[in-house]
RNA sequence: GCCCGGGUGGCGGAACGGUAGACGCGGCGGACUCAAAAUUCGCUUCUGGUGACAGAGUGGGGGUUCGAAUCCCCCCCCGGGUACCA
């Protein structure tokens, strides 16, 4: 028998077993069994580009560990895989090289599939999907049409990055310092007709239902902040000159009386209307043009000097009739609120900065805590000692300089009162505003899902009839046509007839945002073969929600929010009954190399392929989980990989050796038929009657069961779980060395052949030791199986004759966890001064007395008075002196 | 800018408010070997001391507590997201 750990030999053998037996496939009919306990474990699907990287390895190592752990707790686990195969990188590659995005993508998918198999990930491949295949995107289109028919789709104009040289729309990512990454041309902002999904209709529910799901708190916080609910009022400001009213959203109606000017966002559609034909027109036009092309993230910077231009118009403050000058300024955002604000420089930092820069009046309407209050301030507001240097004041306080009805009222109370008053007067009303914007789903790109709409001159926008789906993505010559969406070049495809009136009509040439594809793929997995529907609601509802979703924290907002929205909307439409798709979420951290994000340009990438070739998949997977807490970023180290390889080698060698020992011991110890080489079938149960070092080893094994079970089940602490199995393996190795000496191998088999009785006597003498070792090894392999499925299957079979993945997860027995002694720490002033082994049953009083009597602490008590003694049973005694 | 994370030995990291540094890497020393590799055993936060031991120590500053890496406040640095990368 080969005593060398050889993953290249072990791993393919077990992968073959799982493939032949379709071990990881689950059928939907199995769900009809009342005893079925279905669990859905899912990692975010990969975008197939090139080969998988170590980030993928980590993601699927985590997910696979969870899937195995659940299976071994008796669950029926759905664990599928697919590919998010539409997207920009493949299209960019096509523009550069002429290679069809489909070819590059399919090639990449093949590589991903092969490597996932080589990693031994327990995937149900019968449910595989790829979003670029017509049999998938047919249903993406169908879902779009359901949204369309239910009024959740809108078409309206929106700003895009426009590259005037390439004549194409750019993704934000393609805009570098305001220039197109390919052309280098200054990017313009253009307004184009776009498709939207009305996710804002769901803002409140998306916010509220976060309370019902088991997600990391910081991810929920990010989503809450992204949705950005704020309560306030909408107030109408009249512009007499143009005979229009402008609505403003404010969270601070209490400061309405302090407004001294009015500001519009550069994108506001009325800005140019307001200055048309006036002497302001040129200056305003120049400012707007500049603001529109400026870098979006820089624009919001608080420390950036405020800029703007006067419009030469005024609006009337509805609460006091004051005339406020109008400005356009880029610190006002078109996407938030109404794109126009009332400016209250006395109580808002940004308004204050702007007022300072443009010499505008600053008015105080709330009294600060440090201002001196007159006794009767309501009747004599001017008696206030107003400290102008303290402005802007953003805190709370009583109102002043406002209105007789409100002066003196604490501003928080005045908020509601003023809102009610506005409502009475018809000048405004209570309003909730969300930061969340509608989801822009159309893209002027080739490599995406065609939008199934036909534009007809007579009938308008007509949905493609469902029985004509899919609208197949046409073949085109040039992936970068000038000025239009690339699909517009496929004239035979674009020119069609209207499904309603049969007259000539044109197909929509935009494609869908790839986030649409990935917002429902987890539903398709539940019923992936269905060619009559996107999914059977009964099947999807049975599997959903996903019990454990796992993916990168970089998706914490967009993907997760869109998928949540999809499920709610589809549930409202009536094709699904899933309020929240991801009941539990785990977000993994990034793997870096030498402290930096891996990238091809830096040349610091690590390909899993090389690791797997050199050390095997078990090592690669285990290391990916061992290198740190999986939810945090971690740095990859090649030396660390070797450490894990050494650990796995040792575990496997010890297992192989112990299995051999038992084969020879069996006829003698078990009374089994002579010459039988059948492995001990009960190797996984705790041997009885062990004492001394053997008992200690058994205790260690049960400690490891307890530790690994807790680390995996409660907190996803795979790194410490692996460490626990390492500790157990170290203990096994030490016990084994005590039995047979430190030689590389005991060569029991050879010895038996040569030595006859003497060796057998030795084996008998060591029988109890080997039983303990074998149990500990079976336990170590069993605990490590979710991380290293191949070698543990191999070793466990040798040790017990059983398939480890079919075994129930081991249970720690309390009697082996409890100790009758512990090490008491003795502290003085919180500093450790002594340790002593004491009985676990010692009372508080006994612990205190014992501690106080310790010789080592006496010098620290000398000349001091003992003020207090803290006793923490099972842990420590802390003596507090003065 | 805004939102969310993170910062602990030479390195990756461990530590329900209760022994800082588990486990692994690296380093040093020993065993085995003609030798090397592999394996195996021991030591390894820093400073002082032969040593027992003492002092310091979890990005910086303050606070709460008998006791803080952990909780609170302020600051610095690094990472993710920021709506057309996925």
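Where a number appears in this text, it was derived from the coordinates with a stated rule and is not lab data. The shown structure was predicted, so the numbers you read here are calculated from the model rather than taken from an experiment. All Cβ positions, even for glycine, are placed from backbone atoms using ideal geometry, and neighbour counts span all protein chains on display.
Mind pulling up the Rg/Rh value for the stretch A:841-882? Radius of gyration and Kirkwood radius, both on Cα.
Radius of gyration over Kirkwood radius for the stretch A:841-882 works out to 0.97.
For chain A, what relative contact order do you get, as a whole percent, if you take Cα pairs closer than 8 Å and at least 6 residues apart?
Rounded, it is 13 percent for chain A.
What is the angle, in °, between the Cα long axis of helix A:7-20 and the longest principal axis of the Cα atoms in chain A? Nearest 10 is fine, range 0 to 90.
That works out to roughly 70 degrees.
Could I have the simple spin-label model distance between residue A:869 and residue A:614, label points 7 Å from Cα toward Cβ, reported in nm to one decimal?
5.8
Using only the alpha-carbon atoms, what does the stretch A:607-668 span along each of its principal axes? Please give whole angstrom values in decreasing order.
Projected onto the principal axes, the Cα atoms of the stretch A:607-668 cover 53, 24, 15 Å.
Run the paramagnetic zone check for residue A:881: 7 angstrom along Cα to Cβ, then residues of the stretch A:797-832 with backbone nitrogen under 15 Å.
A:826-832
Between residue A:592 and residue A:179, what FRET efficiency comes out of the Förster formula 1/(1 + (r/R0)^6) with R0 = 30 Å and r the beta carbon distance, rounded to 0.05?
Between residue A:179 and residue A:592 the formula returns 0.55.
Over the Cα atoms of the stretch A:106-200, how large are the radius of gyration and the largest Cα-Cα distance (Dmax), in Å?
Gyration radius and largest Cα-Cα distance of the stretch A:106-200: 19.5, 49 Å.
For the pair residue A:282 and residue A:403, how long in nm is the line joining their label points, each one 7 Å along Cα→Cβ?
It is 4.4 nm.
How do A:352, A:86, A:566 rank when sorted from fewest to most other Cβ atoms within 10 Å of their own Cβ?
The order, fewest Cβ neighbours first, is A:352, A:566, A:86.
If I model a spin label at residue A:437 and residue A:532 as a point 7 Å from the Cα along the Cα→Cβ vector, what separation in nanometres do I get?
4.3
If packing is taken as the mean number of other Cβ atoms within 10 Å per residue, what is the order of A:69-81, A:176-188, highest first?
A:69-81, A:176-188
Using the alpha-carbon atoms, what tilt in degrees (0 to 90, nearest 10) does helix A:617-626 show relative to the longest principal axis of chain A?
For A:617-626 against chain A, the angle is about 60 degrees.
What whole-number value in cubic angstrom gives the convex hull volume per residue for the C-alpha atoms of the stretch A:1-115?
161
What is the gain in length, in nm to one decimal, between residue A:335 and residue A:459 on full extension, counting 0.36 nm per residue of separation less the C-alpha to C-alpha distance?
41.5 nm
Taking the Cα centroid of the stretch A:814-858 and of the stretch A:109-168, what is the distance between the two, rounded to the nearest whole Å?
Cα centroid of the stretch A:814-858 versus Cα centroid of the stretch A:109-168: 62 Å apart.
In 20 Å bins starting at 0, how do the alpha-carbon pair distances of chain A split up by percent?
Taking every Cα pair in chain A, the percentages come to 12, 32, 31, 20, 5, 0.
What whole-number volume per residue, in cubic angstrom, does the convex hull of the C-alpha atoms of the stretch A:190-242 give?
Cα-based convex hull of the stretch A:190-242, divided per residue, equals 172 Å³.
How big is D, in µm² s⁻¹, for the stretch A:240-362 by Stokes-Einstein at 10 °C and 1.306 mPa s if Rh is the Kirkwood radius over C-alpha pairs?
Diffusion coefficient, whole number: 109 µm²/s.
What is the order of A:843, A:230, fewest Cβ neighbours within 10 Å to most?
A:843, A:230
Report the Stokes-Einstein translational diffusion coefficient (µm² s⁻¹, integer) for the stretch A:544-660, Rh taken as the Kirkwood radius over Cα pairs, at 37 °C with viscosity 0.692 mPa s.
190
Please give the contour-minus-distance gain from residue A:126 to residue A:218: 0.36 nm per residue of separation, less the Cα-Cα distance, rounded to one decimal in nm.
Gain on extension, residue A:126 to residue A:218, equals 29.6 nm.
How would you order A:713-724, A:498-509 from highest to lowest mean count of nearby Cβ atoms within 10 Å?
Highest-to-lowest ranking by the protection proxy: A:713-724, A:498-509.
What percentage of all Cα-Cα pairs in the stretch A:213-281 are separated by more than 13 Å?
Beyond 13 Å sits 77 percent of the P(r) for the stretch A:213-281.
Compute the angle between helix A:638-669 and the longest alpha-carbon principal axis of chain A, please, reported from 0 to 90 degrees and rounded to the nearest 10.
So the helix axis and the longest Cα principal axis differ by about 30 degrees.
So how do A:85, A:637 line up by other beta-carbon neighbours within 10 Å, fewest first?
A:637, A:85
Which value does Rg/Rh take for the stretch A:316-372 over its C-alpha atoms, Rh per Kirkwood?
1.00
Taking 0.36 nm per intervening residue step and subtracting the Cα-Cα distance, what contour gain separates residue A:738 from residue A:8 on full extension?
Here the answer is 259.6 nm.
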